[in-house]
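One structure is given below, encoded as structure tokens.
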Amino acid sequence: TQAAIDAVDGNVPQALSRTCRTLAAARRFTPGARDLLQKMIFPAMAEGAADLLLDIRRENPGQALPDECLDALRPVQAGDYLVCEAMRGEFRMGAALSASQDAALAKRWTPATLFSRWVLMDADLQDAWTAATLAAPCTDDYRREVLAGRVPPPPPRPVSRSDIHCYAAAINCMLVEIALPAYRDYQGRLLDHAAKLRVLLAAHRALD
């Protein structure tokens, strides 16, 4: 917003510099994102900054780009949209949460907590069921498909309430059944962001 205001006020060099810094930072942070929230926010920021930069340049033809724009306008790389590391981060967060739940139950010896520990909840089972889905984007076959622009189908659902082994840890089973379908669309959305960014970068090259 400040960059747009700078441009409207006639401070075009400052607007270009500010926008390119935002774009470069968003693109620098995207490959290292360690959870899905960051992995989605930074590409969206990059897309918005690249779009604003294009508007500013079109309104001010012939304006030289500052040095901050060199890294900002680099070609799209695989790390900008591959979701593996973010999925690993999601697994680590989930495993930490389930471990903390187990630890909290282990400190109590009431009938209710004993029943929960022995019948309803099992952190190791939840981790195993979750890993079956979240590990898929880190396989070589999955990466090859994504690099070719295709989103592979999700792996088979590891557990559901219709499976008898769900009731080895019914609460964990229901949590996994609810959560896992939400992970299916992230890779496709990241490919869409990458495609839009490629178009914007091509438009910048056309201006050059």
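Data table
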item: Net charge, Leu201 excluded, C-beta distance under 14 Å - Lys, Arg +1, Asp, Glu -1; result: +1
item: The stretch 1-86 - accessible surface per residue (Å², probe 1.4 Å); result: 49 Å²
item: Residue-span extension gain [Asp141 to Arg92] - 0.36 nm each, minus C-alpha spacing; result: 15.4 nm
item: Within the stretch 96-125, trypsin sites (Lys or Arg not before Pro) in DSSP loop having at most 12 other beta-carbon neighbours inside 10 Å; result: Lys107, Arg108
item: Dipole magnitude (debye, nearest 20) for the chain, charges at Cβ of Lys, Arg, Asp, Glu; result: 240 debye
item: With DNA, RNA and ligands ignored, accessible area of Ile178 (1.4 Å probe; Å², nearest 10); result: 130 Å²
item: Translational diffusion coefficient (Stokes-Einstein; Kirkwood radius from C-alpha pairs) of the stretch 149-208 at 37 °C, 0.692 mPa s, in µm²/s; result: 227 µm²/s
item: Probe 1.4 Å - accessible area at Thr22, Å² to nearest ten; result: 60 Å²
item: Relative contact order (percent, whole number), the chain, Cα cutoff 8 Å, 6+ residue spacing; result: 23 percent
item: Radius 13 Å from Cβ of Asp124, net charge of other residues (Lys, Arg +1; Asp, Glu -1); result: -2
item: In degrees, nearest ten, helix 12-29 long axis to first principal axis of the chain (Cα); result: 30 degrees
item: Between helix 36-59 and the chain: long-axis angle, C-alpha atoms, 0 to 90°, nearest 10; result: 10 degrees
item: Degrees separating the helix 123-134 axis from the principal Cα axis of the chain, which is the longest one; result: 40 degrees
item: Whole-percent carbon and sulfur share, accessible surface of the stretch 1-126, 1.4 Å; result: 59 percent
item: Rounded to the nearest 20 debye, dipole of the stretch 12-63 from Cβ charges on Lys, Arg, Asp, Glu; result: 220 debye
item: Ser116 accessible area, assembled protein chains, probe 1.4 Å, Å²; result: 20 Å²
item: Whole-Å semi-axes of the chain's equivalent ellipsoid (Cα gyration tensor); result: 46, 19, 11
item: Cβ-Cβ FRET estimate between Asp35 and Ser160, R0 fixed at 30 Å, reported to 0.05; result: 0.70
item: Counted charge near Arg157, where neighbours are those whose Cβ lies closer than 15 Å (Asp, Glu -1; Lys, Arg +1); result: 0
item: Solvent-accessible ranking of Met87, Met45, Met121, largest area first, probe 1.4 Å; result: Met45, Met121, Met87
item: Largest-first ordering by accessible area, 1.4 Å probe, given options Val119, Val176; result: Val119, Val176
item: Debye-sum result for the stretch 75-167 in log10 I(q)/I(0), which assumes one identical scatterer on each alpha carbon, at q = 0.20, 0.22 Å⁻¹; result: -0.99, -1.10
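The values are calculated or read from the model by the stated rules, or taken from the named source; none is laboratory data. Remember, it's a predicted structure, so these values are computed and weren't measured experimentally. Counting neighbours? That spans all protein chains shown, and the Cβs are built from the backbone with ideal geometry, glycine included. Note: accessible area is taken over every heavy atom of the protein model, side chains too, but ligands, DNA and RNA are not part of it. Shrake-Rupley method; radii C 1.70, N 1.55, O 1.52, S 1.80 Å.
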